[in-house]
1. With the condition kept exactly as written, say whether any residue in the stretch 154-163 is more than 20 Å from residue 94 (Cβ to Cβ), surrounded by 12 or more Cβ atoms within 10 Å (Cβ to Cβ) and assigned by TED's automatic domain parsing to the domain that holds residue 73.
2. When residue 93 is evaluated against the numbered criteria (1) within 23 Å of residue 125 (Cα to Cα); (2) in contact with a helix residue (DSSP H, G or I) (Cβ under 7 Å, 6 or more places away or on another chain); (3) at pLDDT below 70, which criterion, by number, is the only one it fails?
3. So is residue 174 in a strand (DSSP E or B) and surrounded by fewer than 17 Cβ atoms within 10 Å (Cβ to Cβ) or not?
4. Identify, please: which residue in the stretch 138-171 is under 12 Å from the mean Cα position of the chain (by Cα) and outside any strand (DSSP E or B) and is, among those, modelled with the lowest pLDDT?
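The values are calculated or read from the model by the stated rules, or taken from the named source; none is laboratory data. As the structure is a computational prediction, the values presented were derived from the model and not from experiment. When we count neighbours, we look across all protein chains shown, and the Cβ atoms used for this are built from the backbone with ideal geometry, even at glycine.
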């Protein structure tokens, strides 16, 4: 169909008159395919990461087992250190969760009414891309440097790490 659209010669017009499904596809392609044989644009790295994570998102809906994680470090539970830039106490929070051999390192920073988040999962000492991170209702896949990036007006109260074999619940987070 793409070749026919680009060349302008449609040898299967009689089929299109009889098949509504093919006609719809042909019309859709006619609107999106350019007449030139130019190379398509390269996809962004974010779209590649999301595409590669689709099977993991589907497989992680019903993990084989579940476990709870616990906070092992919370920067807000300590006295603030001397600030090195113009930010007040409570603007940045660093958390570390642990469950079995897995660790989630989590950084939240409040900027202009929004929270910016970065997180990374470790299996022992190695960064692992094997999990989907669920923050509230939002499901995230690891992107560059195997980190999760997102922003929100409100910080999450519940975080889960999901894989086909394991669900780690990191609950009870208060802000």
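1. Scanning the stretch 154-163 turns up at least one residue that is more than 20 Å from residue 94 (Cβ to Cβ), surrounded by 12 or more Cβ atoms within 10 Å (Cβ to Cβ) and assigned by TED's automatic domain parsing to the domain that holds residue 73.
2. With (1) within 23 Å of residue 125 (Cα to Cα); (2) in contact with a helix residue (DSSP H, G or I) (Cβ under 7 Å, 6 or more places away or on another chain); (3) at pLDDT below 70 applied to residue 93, the lone miss is (3).
3. In short, no.
4. 144
Yes/no matrix, rows are residues, columns are (1) touching a strand residue (DSSP E or B) at 6+ places or on another chain (Cβ under 7 Å); (2) outside the structural domain of residue 134 (by TED's automatic domain parsing); (3) at pLDDT 95 or above; (4) surrounded by 15 or more Cβ atoms within 10 Å (Cβ to Cβ):
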site: 67; (1), (2), (3), (4): yes, no, no, no
site: 76; (1), (2), (3), (4): yes, no, no, no
site: 106; (1), (2), (3), (4): yes, no, no, yes
site: 112; (1), (2), (3), (4): no, no, no, no
site: 122; (1), (2), (3), (4): yes, no, yes, yes
